[in-house]
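Trainee: Structure incoming, see below.
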Amino acid sequence: EYLDNGSLSSLLHDGALPVEEALRIVRSICQALVHAHGRGVLHCDLKPANVLLDSDFEPRLCDFGQSRLADEHSHSLGTLFYMAPEQADLKAVPDARWDVYALGALMYNMLTGSPPYRARTPMEKLMAHRELPIPALREARDDVPEALDRIYHRAVAKRPEDRYGSMKELAADLEVC
């Protein structure tokens, strides 16, 4: 399928999106991931370049090159600004919460115009994951509803056990936001 509006990455070159537009896209991506996870597929590399936009600006997930089956134990590295902190551990087992984290980071990028934890080098980025506080979404953008801010913070929690346990849980909260 030819998707004539390019990638979400290209759309974000112009800066942050309006809150309602970002929320619409996040909900749609979340539903796609609910579908993939329901069939036992973890994306493991969600980022703006892996979201294509059709003629109506509806998102489509692409590039499942790093994906893993939910019962696989082989590691998968994601993209530095979007991967969960524990995903950098080469002994880590793929987990649905990796995609939850990446969707939260993607949401931050759509609402602020840049990914969380910007750093000059990959090593600084890895250290930021462990040492810096989670970037505050409402400090960067005061028109973000408090409910969406809470969803974001839970999605990008540093400890996997503090995140949403599944995309379905995240989708349910997004629907009432």
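The values are calculated or read from the model by the stated rules, or taken from the named source; none is laboratory data. Since this is a predicted model, take the numbers as computed values, not measurements. Methodologically, a virtual Cβ is constructed for each residue, glycine included, from the backbone with ideal geometry; neighbour enumeration extends over all protein chains shown. Protein only, heavy atoms only, side chains kept; ligands, DNA and RNA dropped before computing areas. Shrake-Rupley method; radii C 1.70, N 1.55, O 1.52, S 1.80 Å.
Trainee: Let me have the relative contact order for region 1-66, percent, based on Cα pairs under 8 Å that are six or more residues apart.
Mentor: 48
Trainee: Quick query: amide H of Val41 versus all other amide H atoms, modeled in the peptide plane; which residues come in under 5 Å with a sequence gap of 5 or more or a different chain?
Mentor: When sequence neighbours closer than 5 places are left aside, the close amide H contacts are Ala70.
Trainee: Now a separate question. So what is the accessible area of region 2-87 per residue, in Å², with the probe set to 1.4 Å?
Mentor: Each residue of region 2-87 exposes 46 Å² on average to a 1.4 Å probe.
Trainee: Could you sort 133-145, 19-31 so that the peptide with the highest average Cβ count within 10 Å comes first and the rest follow in order?
Mentor: Result, highest mean Cβ count within 10 Å first: 19-31, 133-145.
Trainee: Provide the net charge surrounding Pro94, with neighbours chosen by a C-beta distance below 14 Å and charges set as Lys +1, Arg +1, Asp -1, Glu -1.
Mentor: The answer is -4.
Trainee: Given a 1.4 Å probe and every protein chain left where it sits, what share in percent of the accessible area of the chain is carbon and sulfur?
Mentor: The C+S portion of the solvent-accessible surface of the chain is 52 percent.
Trainee: Here is a further query. Using only helices, what value at 222 nm comes out for the chain when you add -39,500 (n - 2.57) per DSSP H run of length 4 or more and divide by the total residues, to the nearest 500 deg cm²/dmol?
Mentor: Dividing the helical sum by the residues of the chain leaves -12500 deg cm²/dmol.
Trainee: Mind checking the alpha-carbon convex hull of region 1-81 and giving the volume per residue in Å³?
Mentor: Convex hull volume per residue, Cα atoms: 101 Å³.
Trainee: Calculate one ³J(HN,Hα) per residue across region 84-90 by plugging θ = phi - 60° into the Karplus curve 6.51 cos²θ - 1.76 cosθ + 1.60, and present them in order as whole Hz with x for glycine and proline.
Mentor: Per residue, the Karplus-derived 3J(HN,Hα) values read 5, x, 6, 5, 6, 7, 5 Hz.
Trainee: Oh, and also: If I take the Cα coordinates of the chain and project them onto the principal axes, what are the three extents in Å, biggest first?
Mentor: If we take the Cα atoms of the chain, the spans are 39, 38, 32 Å.
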